[in-house]
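Working notes, beginning with the structure itself.
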Amino acid sequence: MGGGALKDSYGRTIDYMRVSVTNKCNLHCIYCMPGKCFEGDDVLSMEDILTVCSCGAELGIRHIRLTGGEPLLRRDCAELVYRLKNIKGIRTVTLTTNGILLRDYADRLFDSGIDGINVSLDTLDREKYKFITGADELYSVIDGIQRAVERGIFVKINSVIMRGINEDDISSILLFVKHRPVAVRFIELMPVGEGSKYIGVSGAEILARLENAKPYTKRIGRGPAVYYKAEGYKGIIGFIDPMSNKFCPQCSRLRLDSDGRLRSCLAYDDGFDMLPAIKTGREAVKDVIKKAVAEKPLGHCFEKGIAPKDGMYCIGG
Ligand code: SAM
Ligand code: SF4
């Protein structure tokens, strides 16, 4: 096994792969999923995903996050986590989910050895949740979070705030974290797909509402979030600001999208079709990974109006 580090042409270490395991979803969030009913496909088999991730591990990938679409719609999700965890070189396997199926999945995910789960939750108001996601499932998500926390899984909540849509929900999201040992991360909306129809709210604006918040310096996860701890809070509060605090120079990621394309940046449609390489063999897969890393752009150009045509449900967020 190689065990070296994967470096891109700007000297960044690339050790993290997000895998969009499906583009199917049981929600249609207004800022993500176009149309009312989306019927997708699972293009990549479990073996395909394992092949790409194990080849990645030989080159230097150490952290894997499963996402989608909704990853828990794949019945093999917990087994996939277990098998990824057993790949030599892989240190953490995590998952990002909308949480609807989490209550039923939490035990199996815990047993699979998962290192953490991110649950997307943009409001704690039942009607607003229905408006944003198209489904009356707020309480399933809260139950799922509860169950995962009870099992001892580290949970982070992802909240996307849109101007005039769920700005009023910031205080109740903060209150939720005040009483629970979980992290919340406010993710600034990116102008990708349906997201370009709404206006995001920056972390700085949200932070200004928090009294007595102090920077939290302990490292949490592998991502770009900046964390704070507020007095009297059990949980911690993080901000991921791709627009107002561009963190591309520190990016360590590759993305395997739900069509089987390896993308070196979420902001462009460019990518390498992995399926022919998977059919050819492991050396071909490794060559594609090296090529994607070599061609990784320095960063997004959202501020210049350049954005991908594919939606986040395909790219994986
Ligand atoms: N279905 C799962 C979920 O919702 O957590 C996983 C896939 S979803 C695409 C991953 C994350 O991307 C979610 O936290 C979602 O809120 C976020 N997301 C989707 N569209 C976005 C956008 N335009 N800007 C910022 N975040 C976005
Ligand atoms: Fe589905 Fe997640 Fe997109 Fe919502 S954000 S539509 S849950 S993929």
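Probe of 1.4 angstrom, ligands and nucleic acids ignored: what's the accessible area per residue over the chain, in square angstrom? Let's see the in-between values first.
Details: 13700 Å² over 317 residues.
I get 43 Å² per residue for this part.
With axes computed from alpha carbons, what is the tilt in degrees of helix 138-150 against the longest principal axis of the chain, rounded to the nearest 10 within 0 to 90?
Roughly 70 degrees between the two axes.
Explain nothing, just the number: dipole magnitude of the chain about its Cα centre with +1 on each Lys and Arg Cβ and -1 on each Asp and Glu Cβ, in debye rounded to the nearest 20.
Values: 46 positive and 41 negative charges, 219 e Å.
Here the chain has a charge dipole of around 1060 debye.
If contacts are Cα pairs under 8 angstrom and at least 6 residues apart, what is the relative contact order of the chain in percent?
On the way: 705 pairs, mean separation 67.0, N = 317.
Value for the chain: 21 percent.
Can you flag which of K24/K246; K246/K304; K130/K234; K130/K229; K246/K291; K178/K229 are past 19 Å Cα-Cα? Let's see the in-between values first.
Numbers: K24/K246 29 Å; K246/K304 13 Å; K130/K234 28 Å; K130/K229 30 Å; K246/K291 24 Å; K178/K229 10 Å.
From K24/K246; K246/K304; K130/K234; K130/K229; K246/K291; K178/K229, over 19 Å: K24/K246; K130/K234; K130/K229; K246/K291.
In region 229-299, which GluC sites (Glu not before Pro) fall in coil by DSSP and have 16 or fewer other Cβ atoms within 10 Å? Don't skip to the end; give the middle numbers.
Numbers: sites: E231, E283, E295; in loops: E231, E295.
Of the GluC sites (Glu not before Pro), the ones in loops of region 229-299 whose Cβ has at most 16 other Cβ atoms within 10 Å are E231, E295.
Once ligands and nucleic acids are excluded and a 1.4 Å probe is used, how much of M33 is accessible, expressed in Å² to the nearest 10?
10
Any chance you could tell me what percent of the C-alpha pair distances in the chain go past 31 Å? Numbers along the way, then the final one.
Details: 12991 of 50086 pairs.
Pairs farther apart than 31 Å: 26 percent.
Using θ = phi - 60° and the Karplus form 6.51 cos²θ - 1.76 cosθ + 1.60, what ³J(HN,Hα) does each residue of region 60-71 get, whole Hz, x for Gly and Pro?
Coupling constants for region 60-71: x, 5, 10, 10, 10, 10, 8, 8, x, x, 9, x Hz.
Tell me which trypsin sites (Lys or Arg not before Pro) from region 54-122 have a DSSP coil assignment and no more than 10 other beta carbons within 10 Å of their own. Write down the numbers at each step before the final one.
Details: sites: R62, R65, R74, R75, R83, K85, K88, R91, R103, R108; in loops: R62, R74, R75, K88, R91.
Those satisfying the criteria are R75, K88.
Where the accessible area of the chain is counted over protein heavy atoms with a 1.4 Å probe, how much of it, in %, is carbon and sulfur?
Answer for the chain: carbon and sulfur cover 50 percent of the accessible area.
Karplus couplings for region 220-225 from phi (6.51 cos²θ - 1.76 cosθ + 1.60, θ = phi - 60°), rounded to Hz, Gly and Pro as x?
10, x, 10, x, x, 5
Can you tell me the Rg and Dmax of region 1-125, counting just the alpha carbons, in angstroms?
Cα-based Rg and Dmax for region 1-125 come out at 15.5, 50 Å.
Could you grab the relative contact order for region 69-204? Cα pairs under 8 Å, six or more apart, rounded to a whole percent.
Numbers: 220 pairs, mean separation 28.6, N = 136.
The normalised contact order for region 69-204 reaches 21 percent.
What does the charge count around N166 come to, taking other residues whose C-beta lies under 10 Å from its C-beta (Lys +1, Arg +1, Asp -1, Glu -1)?
Working: positive: K128, R163; negative: D122, D125, E167, D168, D169.
Around N166, the surrounding residues sum to -3.
Simple spin-label model, 7 Å along Cα-to-Cβ: E283 to E295 in nm?
Simple spin-label model gives 2.1 nm for this pair.
Of I142, L175, I114, whose Cα points farthest to the positive end of the dipole of the chain (charges on the beta-carbon: +1 Lys, Arg; -1 Asp, Glu; origin at the Cα centre)?
I114
When the Karplus curve 6.51 cos²θ - 1.76 cosθ + 1.60 is applied with θ = phi - 60°, which whole-Hz ³J(HN,Hα) does each residue of region 9-23 get, with x for Gly and Pro?
With the stated coefficients, region 9-23 comes to 6, 9, x, 6, 7, 10, 9, 10, 10, 9, 10, 8, 7, 6, 9 Hz.
Identify, among P34, I165, M46, the residue whose Cα sits farthest towards the positive end of the charge dipole of the chain, taking +1 on the Cβ of Lys and Arg and -1 on the Cβ of Asp and Glu, with the dipole about the Cα centre.
The Cα lying farthest towards the positive end belongs to M46.
If R0 is 22 Å, what FRET efficiency do you get for R209 and H179 from their C-beta distance, rounded to 0.05? Please list the in-between numbers first.
Values: r = 17 Å, r/R0 = 0.79.
Once the sixth-power term is evaluated, E becomes 0.80.
The values are calculated or read from the model by the stated rules, or taken from the named source; none is laboratory data. Bear in mind the structure is a predicted one, so any value in this text is a computation, not a measurement. Positions of Cβ are backbone-derived with ideal geometry, glycine not excepted, and every protein chain shown enters the neighbour counts. Please note that ligands, DNA and RNA were not included when accessible areas were found on the heavy atoms of the full protein model with its side chains. Shrake-Rupley method; radii C 1.70, N 1.55, O 1.52, S 1.80 Å.
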